[in-house]
Amino acid sequence: MLARSCARATRSSGPIRSLLQKATSRASSTSASEPSKAGNVVGNILATSGATLVGVGAVAWYYNQYGPRALAMTPAEEGLHATAYPWEHEKLFKTFDHQALRRGFQVYQEVCAACHSLSRIPYRSLVGTIMTVDEAKTLAEENEYDSEPNDEGDIEKRPGKLADYLPDPYKNDEAARAANQGALPPDLSLIVKGRHGGCNYIFSLLTGYPEEPPPGAAVPEGLNFNPYFPGTGIAMARVLYDGLVEYEDGTPATSSQMAKDVVEFLNWAAEPEMDQRKRMGWEVMAIGSALMLLSVWVKRYKWVGIKTRKLVYNPPVGPRSRTPRGA
Amino acid sequence: MALSQTLYNTFFRSNATMLGLVFGTAFGGSLLFNGTSDRIWDSINQGRQWKDIKHKYVDAAEE
């Protein structure tokens, strides 16, 4: 913008300069009735340069005022962007690793479930993906749920069954806030879908706690520093340490292994239909491309007559008509 | 000519035969397609699905 206006200024000064030269040469050669014209030219130059200056100044002021992008968010508020990891289960034709899901559920139960609910997952959905029916029933019976009102209208407790949902750690949100210094631990059922970066973000968040906050970082009372969390001050402290849980399949429980397993489990919780979806997807792709090829062939078959025909114009032979054109 | 004549006489001459051919092919074809795609899918995801690790836990419970 600035460069363009400068160019225009020099271009417009060209004719003026030649005019000036002409005027001065004429003034020197001819009579003295010309000075008023010369003064006029000087005024023109002044006016033009003034206008140019005003224009350039206006552009500069405008750029100063509105040019730099004003961001309400600082990088710290936005959070460090999570590293993109090559998740095996995110590949086009890969299912969840159900052994990892089982490990991840163990991590959820032993670590996350102390504060985070998983309220959209019933025990029945664990059957056939993470555990057997008997295991799921045993797990459900460990918890008590409200039963139907009895004859007196009292609601008694009954052991859980497969149709029940995983219990919440707190009675309600207020209780959860009260127990966590005012911070509400989010429900984890859809957390992978509900956070930018999905699996990468949650993995980075779980494993990204530094030993101590970097110098200069302001960490409010009761919060912990995590660069991946928007705002960097997170109420959840680091929870995953090497050897925190003991996997039944003998996998070494490093903190990154646990984070990876629990992230895959949470991805399953958010998208339990993923395996079926991908499988149907590739069948649809196979059938669809076969039909596509077929339809291309049919189109060519139908059009071949039109595409290969030739229009031949044979001008009429015989005497020309004498009637003039347009008559 | 002879081949197309045979084809016509065997399959397309009577409407019932042709419909039978259509439905039979649809049935058999879907069986074949699903079977093949299942086999490919399972070989891609070997060891990852629940049915691959199920035996560990079902057998353990029965013992």
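Under a crude label model (7 Å from the Cα following the beta-carbon direction), how far is residue A:173 from residue B:2 in nanometres?
8.3 nm
Net charge within 13 Å of residue A:176 by Cβ-Cβ distance, Lys/Arg positive one each and Asp/Glu negative one each, not counting residue A:176 itself?
Neighbour charge sum, excluding residue A:176 itself: -2.
Evaluate the Kirkwood expression for the hydrodynamic radius of the range A:224-286, namely the inverse of the mean inverse distance over all pairs of different C-alpha atoms, and round to one decimal in Å.
The answer is 14.6 Å.
Could you please report the charge total around residue A:247, scoring K, R as +1 and D, E as -1 over all other residues with beta-carbon less than 11 angstrom from its beta-carbon?
-3
Tally Lys/Arg at +1 and Asp/Glu at -1 over every other residue whose Cβ is under 15 Å from the Cβ of residue A:256; what's the total?
Neighbour charge sum, excluding residue A:256 itself: -1.
On full extension of the chain, what length is gained from residue A:120 through residue A:53, given 0.36 nm per residue of separation minus the C-alpha to C-alpha distance?
17.5 nm
Estimate the FRET efficiency between residue A:277 and residue B:56 by the formula 1/(1 + (r/R0)^6), using the beta-carbon distance for r and 25 Å for R0, to the nearest 0.05.
With a Förster radius of 25 Å, E is 0.45.
So if I take the centroid of the Cα atoms in the range A:100-114 and the same for the range A:237-308, what is the distance between those two points in Å?
23 Å
Work out from phi, with θ = phi - 60° and the Karplus expression 6.51 cos²θ - 1.76 cosθ + 1.60, the ³J(HN,Hα) of each residue of the range A:284-292, listed in order in whole Hz, and give x for Gly and Pro.
Once rounded to whole Hz, the list reads 4, 4, 5, 5, x, 6, 5, 5, 4.
On a full-extension model of 0.36 nm per residue, what is the gain between residue A:248 and residue A:308, subtracting their alpha-carbon distance, rounded to one decimal in nm?
Residue separation times 0.36 nm, minus the Cα-Cα distance, leaves 14.5 nm.
May I ask you to evaluate 6.51 cos²θ - 1.76 cosθ + 1.60, the Karplus curve with θ = phi - 60°, for each residue of the range B:30-42 and list the ³J(HN,Hα) values in order in whole Hz, giving x for glycine and proline?
Once θ is set to phi - 60°, the couplings for the range B:30-42 become 5, 4, 5, 5, 5, x, 5, 5, 4, 5, 4, 4, 5 Hz.
Two decimals is fine: what's Rg over Rh for the range A:60-144, C-alpha atoms, Kirkwood radius as Rh?
My calculation puts Rg/Rh at 1.30.
Let me confirm one metric for peptide B:29-39, namely the mean number of other chain beta-carbon atoms within 10 Å of its residues' beta-carbons.
1
Against the empirical 2.2 N^0.38 Å scaling, what ratio does the C-alpha Rg of the range B:2-62 come to?
Compactness ratio reported: 2.04.
Could you check how many percent of all C-alpha pairs in the range A:140-235 are farther apart than 22 Å?
Result for the distance tail: 53 percent.
Take the cross-link list A:91/A:171; A:171/B:54; A:260/B:56 and give me the ones stretching past 28 Å between alpha-carbons.
The pairs that break the limit, which is 28 Å between Cα atoms, are A:91/A:171; A:171/B:54.
Count, for each residue of B:46-57, the Cβ atoms from other chains sitting within 10 Å of its Cβ, then give me the mean as a whole number.
5
Restrict the search to the range A:223-304; then list the GluC sites (Glu not before Pro) that DSSP places in a loop and that have at most 11 other Cβ atoms within 10 Å of their Cβ.
A:246, A:273
Given 25 °C and 0.890 mPa s, compute D for the range A:164-305 with the Stokes-Einstein relation, Rh being the Kirkwood radius over Cα pairs; round to the nearest whole µm²/s.
128 µm²/s
Using the alpha carbon gyration tensor of the protein assembly as shown, what are the three equivalent-ellipsoid semi-axes (square root of 5 times each eigenvalue), largest first, in whole Å?
Over the Cα atoms of the protein assembly as shown, the ellipsoid semi-axes are 69, 53, 19 Å.
From other protein chains only, count the Cβ atoms within 10 Å of every residue's Cβ in A:133-141, then give the mean.
1
Since every read-out is calculated from the coordinates, none of them should be taken as a lab result. As the structure is a computational prediction, the values presented were derived from the model and not from experiment. Heads up, the Cβs are rebuilt from the backbone with ideal geometry, glycines too, and the neighbour counts pull from every protein chain shown.
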